[in-house]
Amino acid sequence: MLDLYPDADLFSVVDFIEPEKRGFLKNKKVKTTFIQNLPMAKRKYRSYLPLMPFAIEQLDLSKFDVVISSSHAVAKGVITGPDQLHISYVHSPIRYAWDLQHQYLRDSNLTKGIKGLAAKLLLYKMRDWDYRTANGVDLFLSNSNFISRRIWKVYRRKAEVIYPPVNVSSFTLNRNKSDFYLTASRMVPYKKIDIIVDAFSRMPDKELVVIGDGPDFNKIKQKAGKNIKLLGYQPFDILKDYMQKAKAFVFAAEEDFGITPVEAQACGTPVIAYGKGGALETVKGMGSCKQPTGLHFNQQTAESIIESVLEFEKNIYLFDSEICRKNALRFSENSFKKKLQEIVEFEFRKKVNEINLN
């Protein structure tokens with residue numbers, strides 16, 4: 001977005017990014033809310049979720065003609081006037097307040113007791129606020145058709161899809177594959193790395209490499225058989241090398257979009273993915289087209305993954321590295337920027353015409 005609009009002002013609930021990591025923000029100064037200065041906000045800003053709807057509404061954007069919000073929670077709730085254009089690129093309506101509420105409460109051990117009741121009441125209030133503030137958005141953009149359906153379900157608003165910008169140019173094609181499978185992710189419950197490890201532990205003749213760290217690392221390590229290598233966090237060059245050489249990339253999460261399967265395909269590596277969410281749009285499944293870039297399994301279980309791996313090996317001749325790469329290029333940064341610019345310019349002209357007519 002900043003590549004398109006380098007003079008734009010930036011606003012955020014908080015900003016604790018270290019100086020050496022601010023390159024993606026063009027080293028710009030970010031205007032933040034009062035939450036930035038609350039006690040222990042740097043480490044505990046998520047604890048201030050109850051204040052975030054109020055905080056985001058205190059940002060004064062009245063001098064701007066165009067406001068583009070990038071929202072996974074509260075950013076779309078900024079206040080704009082009738083002569084301002086507000087385009088909201090929504091990564092998802094607040095997941096933990098809507099259809100994933102029960103899963104998040106279970107994972108956080110907040111299904112019972114006083115804390116559980118307080119959490120449920122907070123999410124009830126968040127839903128009210130989230131639905132109301134959808135009226136302040138002129139145009140919704142979504143990062144997948146899956147999220148467009150969620151936006152329609154929650155807000156009853158249509159959303160135009162612009163797939164997220166994936167840095168596919170940093171991943172290069174490799175046709176020569178080794179005899180191992182790869183998965184890479186932060187190790188948190190919804191990523192389902194545990195069921196991938198469980199599946200391969202039951203297939204001792206197949207090697208699995210796991211890259212990533214997180215709260216579940218030790219629990220997953222205890223499940224791993226001798227055929228599984230847990231490498232923990234690895235720098236980009238090593239991750240890319242494994243992605244290029246892997247026989248296939250295994251992905252078990254239900255993601256809104258899911259960037260790593262696209263990165264794997266950019267390396268010419270087919271993907272074995274859970275058949276729900278964004279992976280249905282980024283991975284061309286075997287049986288759904290003449291030139292597949294992977295296949296989908298139906299359930300988030302070890303049994304379903306085992307079945308898909310065996311099916312993949314039986315049909316491995318169907319997968320072509322160049323076709324995988326070609327599919328990944330659909331999600332390039334240039335594709336994102338071109339489509340976003342076209343939409344913003346069109347909507348701005350439309351808004352100006354509306355103002356002039358009135």
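If you work out Rg and Dmax of the Cα atoms in Å from the coordinates, which of (i) 21.9, 72; (ii) 19.9, 62; (iii) 19.4, 68 do you get?
Computed from the coordinates, Rg and Dmax of the Cα atoms in Å corresponds to (i).
By how many degrees, between 0 and 90 and to the nearest 10, does the Cα long axis of helix 145-155 differ from the longest principal axis of the chain?
40
With label points built 7 Å along Cα→Cβ from the Cα atoms of Met40 and Leu121, find their separation and express it in nm.
Once both label points are built, they end up 2.2 nm from each other.
Give Lys226/Lys276; Lys206/Lys245; Lys115/Lys153; Lys153/Lys284; Lys26/Lys63; Lys153/Lys339 a once-over and call out the pairs whose C-alpha atoms are over 19 Å from each other.
Long pairs (Cα-Cα over 19 Å): Lys226/Lys276; Lys115/Lys153; Lys153/Lys284; Lys26/Lys63; Lys153/Lys339.
If I fit a long axis through the Cα atoms of helix 302-314 and take the longest principal axis of the Cα atoms of the chain, what angle between them do I get, 0 to 90°, rounded to 10?
Value to nearest ten degrees: 60.
What angle, in degrees between 0 and 90 and rounded to the nearest 10, separates the Cα long axis of helix 236-245 from the longest principal axis of the Cα atoms of the chain?
50
Using 0.36 nm per residue, how much length does the chain from Lys290 to Glu303 gain when fully extended, once their Cα-Cα distance is taken away?
2.0 nm
Taking R0 as 25 Å, what's the FRET efficiency between Met1 and Ser170 from their Cβ-Cβ distance, rounded to 0.05?
Between Met1 and Ser170 the formula returns 0.85.
Within the range 32-54, whose backbone N sits under 11 Å from a point 7 Å along Cα→Cβ of Asp15?
Once the point is set 7 Å along Cα→Cβ of Asp15, 32-33 turn out to lie under 11 Å by backbone N, inside the range 32-54.
Compute, for the chain, the length of the dipole vector about the Cα centre, with Cβ point charges of +1 (Lys, Arg) and -1 (Asp, Glu) only. Units Debye, rounded to 20.
660
How far apart, in nanometres, would the label points at Lys276 and Phe24 be if each is projected 7 angstrom from Cα along the Cα-to-Cβ direction?
It is 2.7 nm.
If the reach is capped at under 16 angstrom between alpha carbons, list the aspartates and glutamates near Lys42, excluding any in the same chain fewer than eight residues apart.
Asp15, Glu18
Counting only C-alpha contacts under 8 Å and six or more residues apart, can you give the relative contact order of the chain as a whole percent?
Worked out over the chain, it gives 13 percent.
With the Cα gyration tensor of the range 138-242 giving a ≥ b ≥ c as the square roots of its eigenvalues, does the rule (a/c under 1.5 for rounded; else a/b larger than b/c for prolate; else oblate) give rounded, prolate or oblate?
prolate
For the peptides 256-266, 206-216, 107-117, what is the packing order when you average, over each peptide's residues, the other Cβ atoms within 10 Å and list the highest mean first?
The most tightly packed comes first, giving 256-266, 206-216, 107-117.
Computed from the coordinates by the stated procedures, all read-outs in this text should not be read as laboratory data. On a predicted model such as this, the values are computed, not experimentally measured, just so you know. Virtual Cβ from ideal backbone geometry, glycine too; neighbours counted across all protein chains shown.
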